Structure formats: structure tokens, C-alpha cells
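These notes concern the structure reproduced below.
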Amino acid sequence: MIRRPRLEGLLCTTRLTTLVAPAGYGKTTLLTQADTDRPVVWHTCQEGHRLLQPMAIALSAGWTSVPSVSGEDEAGRAQAIAGLLADAWPDDVLLVLDDMHVLRRGDSAAQLVEALCLQLPQSARVVLSGRTLPPFSLRRLKVDGELTEVNAAQLAFTAEETTVVAGHDVHEVTGGWPIAVRLVAETGTVEELGDLVDEVVGREPEQTRSLLRTAAAFDRFTSDLLTSLGHAEASAILTDLARRGLFVEQVRAEPGWFTLVPLAREFLEPAVDVHAAAAHWFTSKGEYVRAVDSLAALEDWSGVTALLDDVLRTGGADAVLAATSLVPEDQRTAEVWQLEGVAHQLRGEWRQAADRFTQATEDGLTAELAWRMAWIQHLRGGPQDALKICDDYVPDGSDPTAESMLLSTAASAHWALGDIEAASDKATGALKTATNDAAIGTAHTVLAMVAAAQGKRDELTEHYDIALDHAQKAGDVLGVIRIRSNRASHHVEAGEHRAALQEIEEMLPLADVTGFATYRAIGLHNRGEALLGLGRLDEAAADFLAAQKVFDQAGSWLAAAPLVYLGEVHRKRGDRALAGFALHEALRLASAKNTVPHMVLAHVGLAELFSDDDPDLAREHAREALEHGENVAALLVLGWLDHDKDLCQEAAEIAPRRGDRAGFARSLRLRGVLERDSVLLDQALTLWREIGNPLGEIRVRTAQAMLIGGAAGEQLAGEARQQAADLGARVLAEEAAAVAETCRKASRPELFIQTLGGFRVLRDGEPLPPAAWQSRKARDLVKILIARRGRPITREGLGNLLWPDEEPEKVANRLAVALSTARSVLRAGTGIVAEGDAIRLDPDVLPVDVVAFLADARAGLAAAQRNSSEAQSLLAAAESAYHGDFLEEDPYEDWAGRLREEARLIYLQVVAVLAARAESGGEYALASRYCLRVLERDPYDEPAHLMLVRVLAAAGSHGEARRCYQTYVTRMREIEVDPRPFPGIFTASTRRRA
């Protein structure tokens with residue numbers, strides 16, 4: 001052996017080092033010889049490790065554990081597992097991956113390696129060694145000076161090194177190729193490499209030659225395996241060969257296992273009569289995946305089929321799919337199709353799973369097939385489709401566990417359709433039929449959902465506790481994820497938002513690492529509800545959007561849920577156009593599948609949205625919600641619209657019975673407002689504080705300010721307005737600001753036009769109803785004039801914009817009518833100016849929100865450039881005034897596009913500056929909210945993504961920082977931009993170990 005300090009010194013100089021050269025250039029030898037004080041994680045890649053699960057298990061061995069089940073989001077799961085490993089390994093770890101050429105572009109294992117290169121701490125080092133470049137882009141790391149490349153020319157022996165190794169000068173003949181030089185040193189001659197291999201092997205004793213031929217039949221082998229195959233001296237021979245570096249090397253990532261070097265594997269002819277005995281040995285040792293490989297070599301397809309259950313249990317979905325892919329289609333039994341379907345189902349690949357289950361039903365519909373097919377339909381097609389499959393199966397008692405799961409699935413479908421009695425009957429039957437922990441846990445899960453619908457909170461808690469205990473005993477990862485997600489949802493309904501977040505923090509890492517995108521989306525949605533309840537609107541919106549995207553991609557009816565709550569977020573922000581769109585779309589999806597819980601939520605959301613502008617429509621939606629059963633929110637909407645104290649009292653009686661603390665707090669506030677009762681308002685404020693919902697507090701404090709009046713009321717309302725603005729709750733900020741103005745006897749302008757987030761005209765603070773305009777063209781006329789920002793437009797030009805296809809004579813008359821209508825609505829002298837043939841709007845006379853926003857934003861940005869003390873207040877005021885894009889309801893009108901884009905760009909600049917100021921001041925939570933607001937409008941803003949990851953890590957939210965980094969990587973991939981490495985630096989004292 002020869003030391004090569006000139007190369008060893010290159011291995012740990014940058015974040016990533018690549019060793020790329022053909023076989024025999026001494027890459028592995030160099031790595032083995034290198035001295036380092038770093039803790040080393042070493043893995044030699046092989047064909048079986050091209051999948052994510054085997055690679056993850058190999059890298060995690062001895063450090064942490066990776067669940068053996070996996071979902072459909074392979075890229076997301078790779079990012080999550082990279083974060084898991086980065087947290088588990090020491091900060092200064094040296095990760096060595098040898099034989100990287102085995103991995104190919106698109107392999108899920110390659111995605112994991114790429115994620116590790118980006119996510120490991122800056123103090124860690126990665127070495128990738130192989131015959132070809134790694135199967136992912138290194139451009140960004142190279143540009144940033146984080147890549148060291150070692151190639152074949154550098155690895156080749158120099159003339160001096162060749163002489164030292166071979167004993168004489170053969171550098172010209174060998175070109176310094178290390179393996180050739182070593183073979184020359186071994187044989188004393190230079191021939192074809194194949195001849196050299198034959199000659200070297202031929203010099204070994206017969207028992208060594210025989211062992212090598214047997215070893216050549218396997219990708220990996222142990223001395224015990226070879227001993228069982230008739231090589232009694234296998235242990236001593238392998239140790240000697242490995243010590244001499246002759247054809248055999250140890251697999252560092254798998255202690256006790258050996259492999260042949262590529263050159264030997266290429267030229268040695270493998271034994272063909274060893275696989276039957278090998279399969280038996282592998283099976284006895286629990287090496288089911290390797291046993292399957294040997295059985296496949298024998299074309300023993302019944303033997304392969306018999307091991308698939310064990311492969312699924314120990315290797316997970318990826319291993320099963322790899323095993324079933326070996327079985328020819330004409331040799332596949334119903335059992336093979338079914339297990340392949342189970343694997344696809346575990347990966348969340350619903351369409352493929354359904355196809356495999358259908359193949360399996362050719363021999364008849366079993367209970368397990370019915371249950372799995374029904375559950376897929378429940379998540380994708382809808383509860384009615386699931387019930388059709390449940391009804392098609394006639395139970396015969398042959399498989400009580402599967403029949404119990406089928407009954408639980410039917411119960412879940414009935415629950416989604418609002419038939420609680422049927423759900424209760426099916427869930428009770430499921431519990432009676434269940435015979436194992438997984439089925440018992442599932443039955444109790446549905447019974448908990450039934451108890452929640454019936455308002456029986458004590459029973460709900462008991463059922464979930466029992467369900468979780470059984471699911472954990474069964475090792476039912478999906479069951480645990482579902483239970484924790486459901487419990488979080490019920491915590492939210494009870495106003496226990498922090499408890500909900502704790503449940504989600506337990507559930508999301510499981511969903512992340514296993515890659516179950518649908519269940520992860522459910523968890524994100526439930527976390528969004530909890531964050532919304534805590535007034536964290538920006539974080540909630542990000543979670544709802546992420547959940548909706550997953551549900552949309554899966555074609556799932558569950559997309560209605562995040563849409564409802566996105567509507568609520570938009571409503572609180574004052575973005576009425578987007579709120580209406582989200583809620584109407586949610587109602588459409590829920591109505592199509594007749595999912596009652598979501599229909600009720602959508603109706604309530606629309607009732608609250610229209611309560612100011614269209615009271616009759618609001619009443620209609622509230623009553624639609626009440627047709628499906630008692631509902632606190634719907635009663636409160638009607639109580640507010642009709643000033644009906646009895647309805648408020650009814651809501652106050654229902655809420656405690658259902659454990660709805662938030663609903664009770666809302667009823668107290670509304671009663672306090674209607675009855676002008678300060679005691680009720682104090683009680684509401686106390687309850688909101690216990691719940692931890694600042695938005696509820698703001699509404700109560702605003703009501704208290706109105707009741708108090710005077711200077712004290714003005715101060716209280718001002719504080720409420722500032723708190724609402726910080727949270728991004730623009731509607732509440734405006735309500736509080738209006739109360740503050742009333743308290744100080746200074747009303748808003750008589751007329752005010754809102755265009756950000758939707759068009760509205762306010763007179764004395766109250767919105768004009770749509771009917772006041774009489775003509776949509778009159779509204780459009782005003783919008784066009786606003787978009788021109790005081791610049792005049794000729795009557796002909798204005799007419800052409802409003803009626804592009806009409807004759808000029810008709811247009812003139814219609815324009816005159818529209819102008820008259822607009823002036824009538826706005827009242828004469830309030831801003832529409834006619835100067836000869838030109839018409840313009842005077843913003844100095846008629847206040848418009850977009851004009852005020854642009855002025856405040858530009859003043860704030862200029863002040864920030866000067867580092868002026870007034871910058872923060874100006875920027876915050878501008879950000880709070882931006883309810884949404886300019887005239888969102890007119891997305892395709894060219895005349896609105898220029899101002900819309902200008903305002904939107906200025907808004908993003910404002911938020912970016914606010915985020916940077918918050919980060920520099922250590923206000924990480926505020927900075928993260930600003931970053932999320934940028935990303936909501938521009939999901940490809942790289943600085944905002946990286947700042948979000950950075951501030952989350954600085955705040956100690958390491959898991960969420962990893963998830964946000966994963967989102968950043970995905971977005972950059974979508975626009976073909978190489979992502980930057982993970983920006984956070986974790987320390988052993990602050991990082992949570994797995």
C-alpha cells in the first residue's frame with residue numbers, strides 16, 4: 001500500500017468532494033487510507049440501494065431509524081429523511097458514498113444523496129466516489145466554491161508511485177492505472193486485464209478459486225453464507241483476500257458483508273447451482289430481499305410469492321415493488337397483485353393501487369380487497385363511491401380483521417355524508433368484529449369521530465386514547481398519523497390550539513419521513529386550523545395552500561376543507577374577492593360529493609363574508625348551514641344580522657355542550673355588543689385569552705373601545721388596530737381604526753373607494769350595495785378612471801374600452817348614461833372631472849386606497865434607504881393597507897394590468913424590507929410571517945424562501961425549517977434553478993436528536 005498525501009489533502013477542503021474515474025483507479029483505496037478525526041459514515045452503493053428506503057436504512061444504521069413504509073411523495077420524503085439524518089449525525093460528520101455510479105438520474109436514492117449534499121451543516125463534509133459524475137447538478141455548489149473535483153488524471157499513479165508499487169517502471173505501459181499497476185506487481189507481467197485476473201485467480205488454491213466463483217453469484221455475501229454453501233474455510237479465505245486487496249473488499253456500511261471488486265465481478269464466471277441453498281439461508285437469516293433475488297435467479301416464482309409478506313414487513317413498499325417486478329406477468333397470482341397493490345397504496349399511489357387490486361379480484365372479491373379499494377375511493381373518489389364497494393362485499397366471517405376494517409371504512413364514509421347514526425352502527429360493528437390491534441384502533445378512531453359529531457367530548461377523548469394505544473402496539477404508522485391528525489382537529493374545535501399543534505408536531509415528522517402525501521396534507525390542514533385559531537394568518541395560509549395543492553393533485557374531495565379556511569384567511573385579511581372564490585369552490589366540491597361537514601363550513605363562511613354587503617344572501621347561506629343541524633357560527637351570523645339576542649343565547653347554550661369554547665366566546669362578544677354589556681365583553685376577552693386567539697381578543701377590545709368611547713376608547717382601539725395589523729388581519733385593523741376615529745370625533749372621508757382585494761365604495765364607512773349602481777358599466781367606468789390615476793382619457797377611448805364592439809353612435813349615448821349613473825352614485829363634485837372631450841378622476845377629491853398605498857409604500861422604502869426612524873411605521877402602514885391585488889375581480893382587463901403589477905411589485909418590496917428588518921432585530925416569528933406573505937404571491941422568490949428557512953432555524957423551529965427548505969428545493973426544481981445549500985447552522989446543543 002502506498003500513501004498519497006497530495007490526494008488525501010483534497011478530501012475535506014470543501015462541503016463536497018467528488019472522485020470520478022473508471023474502475024481500478026484506487027478511489028476506494030484512497031478513501032480507506034485517508035486519516036481523519038471526523039466521525040465517518042461510509043456506504044458503498046449497490047443496485048439494491050437505488051431505491052430510497054434501502055439507502056435510507058443503510059445510512060441511518062446505528063444513528064436513527066427510518067419507518068419502513070413510504071408514500072407517493074418520493075422527492076419530499078427524500079428531503080425529509082435528509083433532514084432526519086442531518087439531525088442525527090454529528091455536525092462535523094464525514095459522509096463517504098462509494099460506487100456512486102450505481103445510482104442513476106431519477107433514482108429516489110439519488111434524490112436523498114442530493115438532499116444530503118445540500119442539507120448537512122456547513123461544518124460537515126461529503127465525499128462521492130464513482131465511475132461517473134453524481135446523477136444531479138453540482139453547478140450551484142461549484143459556483144459557490146463548495147465543490148472539490150478529483151478526476152482520473154489526478155488519481156493515476158505518477159511514475160514514481162508506479163515504480164514504488166510495481167517494483168519497476170511500468171508507468172508508460174499502464175498509464176498509472178492503479179489496478180493495472182497492482183496486478184503487474186502481483187503477477188510480474190503485463191497482459192490483458194482479463195488474462196491477469198485469470199492468472200491471479202489461477203495462482204490461488206482451488207478452495208479459493210471455488211469460493212470466488214460462488215461469491216460471484218451474489219452482489220453481497222458473508223462468510224457464513226459461503227460456509228453454508230460448502231466453503232468450510234470461507235472466513236479465513238475472505239479475511240486473507242480482503243487484507244491483500246485481492247478481488248474482495250469489506251462493505252463498510254454493512255459489517256460482516258463482503259463484495260467482489262468490479263474487475264473480478266466482470267471476469268469471474270459465477271457458479272449457477274448455489275441459489276436454492278442460498279435462498280434457504282437468506283430466508284433463515286431474515287434477509288428476505290436477497291432470498292427473493294436468489295429465487296428469481298432460479299425462476300421459482302411460487303417461492304418469490306411466498307416471501308412477499310415478509311419483504312413488505314421488513315423492507316417496506318419499495319422492496320415489495322422491486323420484488324414483484326421480477327415476477328413475469330403470466331406467473332403472477334392474485335396474492336402478487338394484491339401485495340403490489342398494498343405497496344402502491346402505502347406509497348399513496350392510489351391509481352396504481354386500484355389497478356392492482358382490480359387485477360387481484362379476478363379470483364373474487366375478498367374482504368381485504370374490498371376494504372383497501374373502498375378506502376382508496378374514500379380518499380379520492382368520495383364517500384359515496386366508497387360505500388358502493390362496501391355494499392358489494394357480503395361478509396362470510398373468513399377474515400374478521402379485514403371485515404372490521406371494511407366496516408370502519410363504511411362508518412367513515414357515512415360520517416362524511418352526515419349520516420351519524422349509520423356511522424355509529426358501522427363503527428360499533430367494526431369494533432365487535434375486530435380481532436387485532438390495528439382493526440381495534442381503527443374502529444375506535446371512527447367511534448371518536450362519531451362522538452365528536454354528537455358533542456360527546458368525554459367519549460371522544462376516551463376512544464382516541466384507546467385507538468392510539470392499539471395503533472402503536474400494532475405498529476400501524478398510518479393509524480397513528482390519522483389518530484393524531486384527528487385529535488388535533490378536535491382540539492381546534494375545542495379552542496385548544498396549542499394542544500392541536502403538539503399533536504401535529506408528533507404526526508408531521510411521521511408523515512414527512514414515510515412520504516404519505518395525502519396524510520401529510522391532512523396534517524398540514526389541521527395545523528393551519530390551529531394556527532388560524534392563534535391568529536397566525538400567514539402561516540395558516542401557507543399550510544392551507546400546501547394541503548390544497550396535494551389534494552388537487554390527487555383529485556381528492558378533501559380539497560374542499562383547506563379552501564374553506566383559505567376563504568376565512570382571505571376574509572380576515574380583507575381580500576374579499578379571493579375569499580369568495582375559495583368559499584364558492586369549496587361549496588362546489590363539497591356539494592358534488594355530498595360531504596356535509598364541508599358543505600356546512602362553506603355555507604357558514606359565505607354567510608360571514610356577505611354579512612356586511614349582502615345581508616339577504618348571508619341569511620340564505622346561514623339557514624342552509626342550519627338545515628344540516630345545529631351550528632353555533634350560523635346562529636351568530638343570523639343573530640348579528642337581525643340583532644336577535646335570542647339566537648345569540650341559543651348559540652351560547654349549544655357551544656359549551658359541544659366543547660366549542662371559541663363559539664362560546666363569540667356568542668359572549670356578540671351579546672355584549674347587542675346588549676351593551678361590559679361584563680359579557682370582559683368574559684369574552686378572558687376566554688379568548690385562555691384559548692390563545694389574539695384575533696378574538698382584538699374583536700372584543702374593539703367592541704370595548706366603542707362602548708367606552710372618548711380618549712380611553714381611542715387608545716384601546718388604536719392598540720387593537722396595531723395588533724391586528726401586525727398579524728395581517730386587515731379587516732380587524734380597519735374595524736379598530738374606524739372605532740378609534742369615531743372615538744376621537746374624526747370620521748373617515750364621506751366617500752372612500754377600495755380597490756385592493758376587490759372593488760367597494762364606502763360611504764360614511766358603510767359599503768354601498770351592488771344594487772346602488774344599477775349598471776355594471778358604471779362601476780367599470782369608475783374602475784378605468786381609477787386605473788389611469790388622474791390621467792385624462794377621451795370619451796371615445798373610454799367608450800371603446802367599455803363597449804369595444806358597438807357602433808360609435810350607440811356608445812356615445814351609453815357612455816353618457818354610465819357617467820350620469822356613476823356621478824349619481826358618487827354624488828356630484830366628488831371626483832369625476834370632465835374637461836372638454838376628456839374625462840378623468842381627481843384622487844385629491846375622491847380618496848382611493850391604491851393611491852394611498854403607493855404613496856405610503858414609496859415613502860417607506862425611501863425612508864428605509866435613508867435608515868430613517870419613520871421607515872418602520874410607514875412600511876407597516878403600507879403593508880397593512882394592501883388587502884389584495886388591484887381589482888382582483890377583473891384579472892383579464894388590460895386597462896387594470898399595469899397598475900395591478902406595479903402595486904403588487906411595490907408590495908413585495910415593502911414586505912421584503914419588513915422581513916429583513918425583523919430578522920436583523922431578532923423578531924424571527926414576525927420575519928417568518930412576512931416571508932410567507934411574499935411567497936404566497938410569488939412562490940419562486942428565492943431570497944424569501946432562504947430567509948424563511950434561516951429565521952425558522954434561528955427561532956429553534958428546526959423541523960419546520962427542514963420542511964420549508966424542502967418546499968424551496970421543489971420550487972427551484974420547477975423553474976430549473978439549482979437550489980442553494982441549507983442556510984441554517986445547527987449545533988449539537990440546540991438540535992433535537994432523533
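Annotations
- Angle between the chain longest axis and helix 350-360 axis [Cα atoms, degrees, rounded to 10]: 60
- Applying 0.36 nm per residue to the separation of N151 and D764 and subtracting their alpha-carbon distance, the gain on full extension is 213.1 nm.
- Under the Karplus curve 6.51 cos²θ - 1.76 cosθ + 1.60, θ = phi - 60°, whole-Hz ³J(HN,Hα) for the stretch 282-298, x wherever Gly or Pro sits: 4, 4, 5, 9, x, 8, 5, 5, 5, 4, 4, 4, 5, 5, 5, 4, 8
- Distance (nanometres) between label positions extended 7 Å along Cα→Cβ at E299 and T358: 3.1
- For the stretch 243-398, with +1 on Lys and Arg beta carbons and -1 on Asp and Glu, the positive-most of A322, G382, L369 along the dipole: A322
- Label-point separation in nm, D240 to H280, each point 7 Å along Cα→Cβ: 2.8
- The R789 and Q122 beta-carbon pair, evaluated with R₀ = 56 Å, returns a calculated FRET efficiency of approximately 0.70.
- Relative contact order computed over the chain (Cα-Cα under 8 Å; 6+ residues apart), in percent: 8
- Residues whose placed amide H lies under 5 Å from that of V126, excluding near-sequence neighbours: L16, T17, L95
- Contact order relative to length of the stretch 556-626, as percent, for alpha carbon pairs under 8 angstrom and 6 or more apart: 28
- Here the calculated FRET efficiency for R814 and D842, from their Cβ-Cβ distance with R0 = 25 Å, stands at 0.60, rounded to the nearest 0.05.
- Cα-based shape type of the stretch 851-974, given that a ≥ b ≥ c are square roots of the gyration tensor eigenvalues and the cut on a/c is 1.5: oblate
- Alpha carbon centroid spacing (whole Å) that separates the stretch 902-949 from the stretch 80-136: 30
- Across the stretch 131-138, computed HN-Hα scalar couplings (Karplus, 6.51 cos²θ - 1.76 cosθ + 1.60, θ = phi - 60°) run 7, 10, 4, x, x, 7, 6, 10 Hz from first to last residue, x flagging Gly and Pro.
- Taking Cα atoms only, the orientation of helix 334-346 departs from the longest principal axis of the chain by about 50 degrees.
- Look at the alpha carbon pairs under 8 Å that are at least 6 residues apart: their mean separation over the length of the stretch 875-980 gives a relative contact order of 17 percent.
- Two-site FRET efficiency, V977 against L326, from Cβ-Cβ distance with R₀ of 35 Å, rounded to 0.05: 0.35
- Extending 7 Å from the Cα toward the beta-carbon at both T158 and R657 defines two label points whose distance is 9.0 nm.
- Distant-in-sequence amide H partners of W257 (H built 1.01 Å from N, under 5 Å): V251
- Which labelled figure in [x] 46; [y] 63; [z] 76 is percent of Cα pairs over 44 Å apart, once derived from the coordinates: [x]
- Listed residues G799, G765, L846: farthest to the positive end of the dipole of the stretch 753-849 (Cβ charges): G765
- Extension gain, L905 back to R676 (0.36 nm per residue minus Cα-Cα distance, nm): 78.0 nm
- Degrees, to the nearest 10: 517-533 long Cα axis against longest axis of the chain: 40
- Linear extension gain, A862 paired with Q472, 0.36 nm per residue minus alpha-carbon span: 134.6 nm
- Share, in percent, of DSSP beta bridges within the chain that are antiparallel, nearest 5: 45
Just so you know, all these numbers are worked out from the coordinates, no wet-lab data involved. All values reported here derive from a predicted model rather than from experimental measurement. Using ideal geometry, Cβ is built from the backbone for each residue, glycine included, and neighbour counts are taken over all protein chains shown.
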